Amino acid sequence: MPRFGLEHSYARELPGCSVPCRPVPVAAPRLLYVNAPLAEELGLDPGPWQGEVGDALFAGNRLPDDAEPIAQAYAGHQFGGFSPQLGDGRALLLGERIDGAGRRRDIAFKGSGRTPFSRGGDGRAALGPMLREVLIGEALHALGIPTTRALAVAATGEEVWRDRPLPGAVLTRVAASHLRVGTFQFFAARGAVEPLRRLVDYAIARHDPALAAAPDRALALLRAVAQRQAELLAQWLSVGFIHGVMNTDNMTISGESIDFGPCAFLEAYDPATVFSSIDHGGRYAYGNQAAIARWNLARFAEALLPLALPPGAAEEGPEQEAALRQAAERAGVVIDAFPAWHAAALRRRWRAKLGLDGASGRDDAALDAADDALLRDWLALLQAQAVDFTRAWRHLADAAEGREAPLAALFAEPAALSPWLARWRARCEQDDVASGRLDPAAAARERAARLRAVNPWIIARNQRVEEALAAATDAGDLGPFAQLLQALREPFTERPDRPDLARLAEPAPTAFTAAYRTFCGT
Ligand code: AMP
Ligand code: MG
């Protein structure tokens, strides 16, 4: 079988953190989808994947000659409750490949059969949810949001049983790494301090090489992860993304989005929005995600705490207690800083979405407060009138050019919008004056272009995703999936010339969204 140029640093450098395990061959493998742009990014040639080779390769029936598949161990807090052993119950890491840009990327299967971590599960995945991983990963990527991505999907020709029999599939996932908060929790929960220390060193070498000489490496890693998550959460919120299951085993160290099970995008703006069928308390609601990220980071900090003691030191004693207390205090400073980091990242995003320059790097608390109020009032307007989040932002570009009608049309009571628009215009002018944009018509054109480059025309609309997955699952028709994928790859480009694509960008009927439920049982 063709080689993928795989390396195996995880298995080599972290003995005891994974177990070798082979995919379970499937009955009738068939390659359904290859991500050509991602293959190119990886420097892999999809040419040899035509026909039987690709079918066998991406269903796990035959492996690249240089694959050394392993199931990774991890633990995790799921909906707040700790499971000391989760692990890859249906995933396998084939190895890592250095991509064209010199980045080490994991190549892993999902749905490739049972592993020692499968517990009661079948180790398999259904086609629909794997195609959802493709769509969401590519959508987030095209929006500029760090994410794991799918390289391929292969049908297994076997049924998997969920609430009904469904066609099975194997996904090939590419990630900056599969290190998660839960990976660290696995070893912390077992008091396995040396593996934990090696894990920190490995994570730093892979994601934060500049921190290799930091005096307190665990603390430095915690800070780096917290800063990445602060930014990631800001990006999710800025496009209305709801992950749906932000358990600590689904939070990466790399800062990439991962595991798109019950995820969904906001339609009408409401921070309490929850789509997941099992999230009764709204733990993972849209507006709660940053608080949950902080909670997860606190669990990460706890997992790293045992590293405050020097290697080989006794575990108990006054000196040890003092060292642990100090480490906990230092970690607490990072956890407490997270909301401010996130707020700053989010303000940057909102400002861009409002077409504002902000204070160009200078500290300007008054301007920050005024812009925060402008944003708050805008969101309050959207919420009060149940306005489509994505459309409202997009039509700000038209308003910037003096055409308010498309935006106003989204509001049941557009009169409420007018005073806000006046404030926004005044604020835009303030920026234009400060930046020397003296020709108002040119400034408007330029602002509209900037707005259209950050406020997507199309997101992965829930009803369109469901339609695409249903066509693939129920009729074996991948046409709607392919078309939606094409549209999501260019989210900022409006396509009035293509009514078929324009249709995909339309908000769902309110009744659809009100009844929409997403599921974890993938
Ligand atoms: P997830 O909800 O996909 O993040 O998975 C949470 C945990 O459940 C992980 O340990 C998975 O490996 C495991 N899991 C999910 N689905 C299955 C399945 N069908 N078979 C075995 N393990 C599974
Ligand atoms: Mg997971």
_Regarding the chain, what's the average projected area of the Cα-atom convex hull, expressed in nm²?_
25.5 nm²
*Output the Kirkwood hydrodynamic radius of the stretch 56-206, Cα pairs only, in Å rounded to one decimal.*
16.5 Å
*Please report the relative contact order for the stretch 66-212, taking Cα pairs under 8 Å with a sequence separation of at least 6, and give it as a percent rounded to a whole number.*
22 percent
*asked:* Sort Val26, Val193 by heavy-atom solvent-accessible area, probe 1.4 angstrom, most to least.
replied: Val193, Val26
*Give the Rg (one decimal place) followed by the Dmax (whole number) of the stretch 204-245, computed from C-alpha coordinates and expressed in Å.*
13.3, 39
_Accessible area per residue for the stretch 4-135 in Å², computed with a 1.4 Å probe and the full protein assembly in place, what is it?_
38 Å²
*Starting at the first residue of the stretch 236-253, write each ³J(HN,Hα) from the Karplus equation 6.51 cos²θ - 1.76 cosθ + 1.60 with θ = phi - 60°, in whole Hz, x for Gly and Pro.*
4, 5, 5, 10, x, 7, 10, 5, x, 8, 7, 6, 5, 7, 10, 10, 7, 7
*asked:* Relative contact order of the stretch 1-144, please, whole-number percent, based on alpha carbon pairs below 8 angstrom and at least 6 residues apart.
replied: 24 percent
*Per residue, how many Å² of accessible area does the stretch 415-496 show with a 1.4 Å probe?*
46 Å²
*Sparse-neighbour loop sites [trypsin sites (Lys or Arg not before Pro); the stretch 293-369; at most 16 other C-beta within 10 Å; DSSP]*: Arg362
*State log₁₀ I(q)/I(0) for the stretch 196-265 at q = 0.17, 0.26 Å⁻¹ as given by the Debye formula over alpha-carbon point scatterers of equal weight, solvent excluded.*
-0.66, -1.13
*asked:* What do you get for GluC sites (Glu not before Pro) in the stretch 257-316 restricted to DSSP loop and a cutoff of at most 14 other Cβ within 10 Å of the site's Cβ?
replied: Glu315, Glu316
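Within the stretch 311-429, what whole-number % of the accessible surface is contributed by carbon and sulfur, with the 1.4 Å probe and all protein chains included in the calculation? Could the numbers behind the result be given before it?
Values: 3270 of 6010 Å².
Accessible surface attributable to carbon and sulfur in the stretch 311-429 totals 54 percent.
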*asked:* Counting other C-beta atoms within 10 Å, and keeping those with at most 14, which DSSP coil trypsin sites (Lys or Arg not before Pro) do you find in the stretch 436-522?
replied: Arg489, Arg517
_Percent RCO, i.e. relative contact order, over the stretch 334-409, from Cα pairs under 8 Å lying at least 6 residues apart_ = 19 percent
*Between the stretch 171-194 and the stretch 441-507, how many Å separate their Cα centres?*
35 Å
*asked:* Through the Karplus equation 6.51 cos²θ - 1.76 cosθ + 1.60, θ set to phi - 60°, convert the phi angles of the stretch 457-463 into ³J(HN,Hα) values in whole Hz; use x for Gly and Pro.
replied: 6, 10, 10, 6, 4, 4, 6
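Got a number for carbon plus sulfur as a percent of the stretch 1-132's accessible area, 1.4 Å probe?
Roughly 50 percent of what the probe reaches on the stretch 1-132 is carbon or sulfur.
The values are calculated or read from the model by the stated rules, or taken from the named source; none is laboratory data. On a predicted model such as this, the values are computed, not experimentally measured, just so you know. Glycine also receives a Cβ, built like all others from the backbone with ideal geometry; neighbour counts cover every protein chain displayed. Keep in mind that these areas ignore ligands, DNA and RNA; they rest on the heavy atoms of the full protein, side chains included. Shrake-Rupley method; radii C 1.70, N 1.55, O 1.52, S 1.80 Å.
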